[in-house]
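The values are calculated or read from the model by the stated rules, or taken from the named source; none is laboratory data. All of these numbers come straight from a predicted model, not from anything done at the bench. Note that each Cβ is placed from the backbone with ideal geometry, even for glycine, and that neighbours are counted across all protein chains shown.
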Amino acid sequence: MKIISWNTNGLRATAKQGNLMPLFKTYNPDILCLQETKCEATQLPENVRNIPGYYSYFSHSMERKGYSGVAIYTKELPKEIFYSIGVKKLDTEGRIVGIKLKQFTIITGYFPNGGQGPHRLEYKLEFYDAFLKFILKLRKNGEKVIFCGDVNTAHEAIDLARPKANEKNTGFLPIERAWISKVIKNNFIDTFRKFYPEKVGAYTYWDQKTRSRERNTGWRLDYIFTDKNIKIKNADMLSDYLGSDHCPIYLEI
């Protein structure tokens, strides 16, 4: 089974520019998880909402139009679909879609950015903590959990091009990085690092304004984490796939 996760930085633009369908045609994912879709499902063309062979589920921000948003396309009909982590003030920005399948539960998440002031960093950390509690509860209920998406934090110095210059910047603050460490200590696997523990220059996000992708001055902000009881075959990045300021990542189980 192949899972692909991608921050599209606007699904309508991604589809209009012809950068969505090649993911399906070339890579044939069993599950495609998208983040930062920036739209409501009703704003998408029919051929994007309903792709032959897939069930699709969307969530959008209830507070701001053209902001946040996530989606899942899946070949297997889910037993259950959910759109929240059970905390009202954290569930209004359209950051979560999860589906429960026979083998596992998978969640796509667009985790908050900690920029724009201390209140957003506080919100991000609150979201982090609530999300971890939520997935641990799923596990306690006997579910195997996979979660993926734009976590908006680089875990270690190896995960960004300029760690020294960003030590005091959100996305690489010790308190943000500590949360990813906590996830791993709770027996979730950072699937990319399982296969490439020391690989440098492996990034999933590049700032478009500074054309940093051309110089590979980037950050690894996108992850697929699996429960330790899930057997994984391979994980990697589709670094050359264009259409966003992020590249897709994938997992085979």
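Tell me, yes or no, whether region 116-127 has at least one residue that is under 28 Å from MET1 (Cα atoms) and surrounded by 15 or more Cβ atoms within 10 Å (Cβ to Cβ).
No; the residues of region 116-127 include none that is under 28 Å from MET1 (Cα atoms) and surrounded by 15 or more Cβ atoms within 10 Å (Cβ to Cβ).
Within the group THR170, THR108, THR153, which residue is of a type in the set (Ser, Thr, Tyr) and touching a Cys at 6+ places or on another chain (Cβ under 7 Å)? Spell out the reasoning first.
Numbers: THR170 fails: touching a Cys at 6+ places or on another chain (Cβ under 7 Å); THR153 fails: touching a Cys at 6+ places or on another chain (Cβ under 7 Å).
The conditions single out THR108.
Can you pull out the residues in region 156-184 that are polar (S, T, N, Q) and touching a Leu at 6+ places or on another chain (Cβ under 7 Å)? Can you show your working first?
Our first condition is that a residue be polar (S, T, N, Q); within region 156-184, this holds for 166, 169-170, 181.
ASN166, THR170 - these are the residues of region 156-184 that are polar (S, T, N, Q) and touching a Leu at 6+ places or on another chain (Cβ under 7 Å).
On the given criteria, is THR226 of a type in the set (Ser, Thr, Tyr), out of contact with any Asp or Glu (no Cβ under 8 Å at 6 or more places or on another chain) and surrounded by 14 or more Cβ atoms within 10 Å (Cβ to Cβ)? Walk me through it before giving the result.
Details: of a type in the set (Ser, Thr, Tyr): yes; out of contact with any Asp or Glu (no Cβ under 8 Å at 6 or more places or on another chain): yes; surrounded by 14 or more Cβ atoms within 10 Å (Cβ to Cβ): yes.
So THR226 passes the test.
Just to be sure I understand, how many residues within region 1-50 are among the hydroxyl-bearing types (Ser, Thr, Tyr), touching a Ser or Thr at 6+ places or on another chain (Cβ under 9 Å) and under 16 Å from ASP240 (Cα atoms)? Lay out the reasoning, then the answer.
Taking region 1-50 first, the residues among the hydroxyl-bearing types (Ser, Thr, Tyr) are 5, 8, 14, 26-27, 37, 42.
Going one step further and asking which of them are touching a Ser or Thr at 6+ places or on another chain (Cβ under 9 Å), we end up with 5, 8, 14, 37.
Among the residues that remain, those that are also under 16 Å from ASP240 (Cα atoms) are: 5, 8, 14.
Final tally of qualifying residues: 3.
Looking at region 51-65, which of its residues are over 19 Å from LYS25 (Cβ atoms), free of Cβ contacts under 8 Å to residues at least 40 places away in the same chain and under 19 Å from the mean Cα position of the chain (by Cα)? Working first, answer last.
Residues of region 51-65 over 19 Å from LYS25 (Cβ atoms): 57-65.
Filter again for free of Cβ contacts under 8 Å to residues at least 40 places away in the same chain, leaving 58-65.
Answer for region 51-65, where residues must be over 19 Å from LYS25 (Cβ atoms), free of Cβ contacts under 8 Å to residues at least 40 places away in the same chain and under 19 Å from the mean Cα position of the chain (by Cα): PHE58, SER59, HIS60, SER61.
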Check: Looking at region 1-76, what helices (runs of 4 or more DSSP H) fall wholly within it and have at least 3 residues that are hydroxyl-bearing (Ser, Thr, Tyr) and exposed (fewer than 14 other Cβ atoms within 10 Å of the Cβ)?
Finding: none
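If you go through region 177-197 one residue at a time, do you hit one that is hydroxyl-bearing (Ser, Thr, Tyr), touching a Lys or Arg at 6+ places or on another chain (Cβ under 9 Å) and touching a residue at least 24 places away in the same chain (Cβ under 8 Å)? It would help to see each step written out before you state the result.
Filtering region 177-197 for residues hydroxyl-bearing (Ser, Thr, Tyr) gives 181, 191, 196.
This time we only want the ones that are touching a Lys or Arg at 6+ places or on another chain (Cβ under 9 Å), so: none.
No, there is no match, as no residue in region 177-197 is hydroxyl-bearing (Ser, Thr, Tyr), touching a Lys or Arg at 6+ places or on another chain (Cβ under 9 Å) and touching a residue at least 24 places away in the same chain (Cβ under 8 Å).
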Note to self: Just the residues that are among the aromatic types (Phe, Trp, Tyr) and part of a strand (DSSP E or B), please, taken from region 231-251.
What the structure shows: TYR250
Notebook entry, point to check: Of these, THR108, THR92, which one is farther than 21 Å from ILE253 by Cβ, outside any helix (DSSP H, G or I) and of a type in the set (Ser, Thr, Tyr)?
Noted result: THR92
Check: Just a yes or no: is a residue in region 106-119 under 20 Å from ARG177 (Cβ atoms) and of a type in the set (A, V, I, L, M, F, W, C)?
Finding: yes
Notebook entry, point to check: Which numbered condition trips up TYR110, out of (1) closer than 16 Å to GLU36 by Cα; (2) at pLDDT 95 or above; (3) touching a Leu at 6+ places or on another chain (Cβ under 8 Å)?
Noted result: (3)
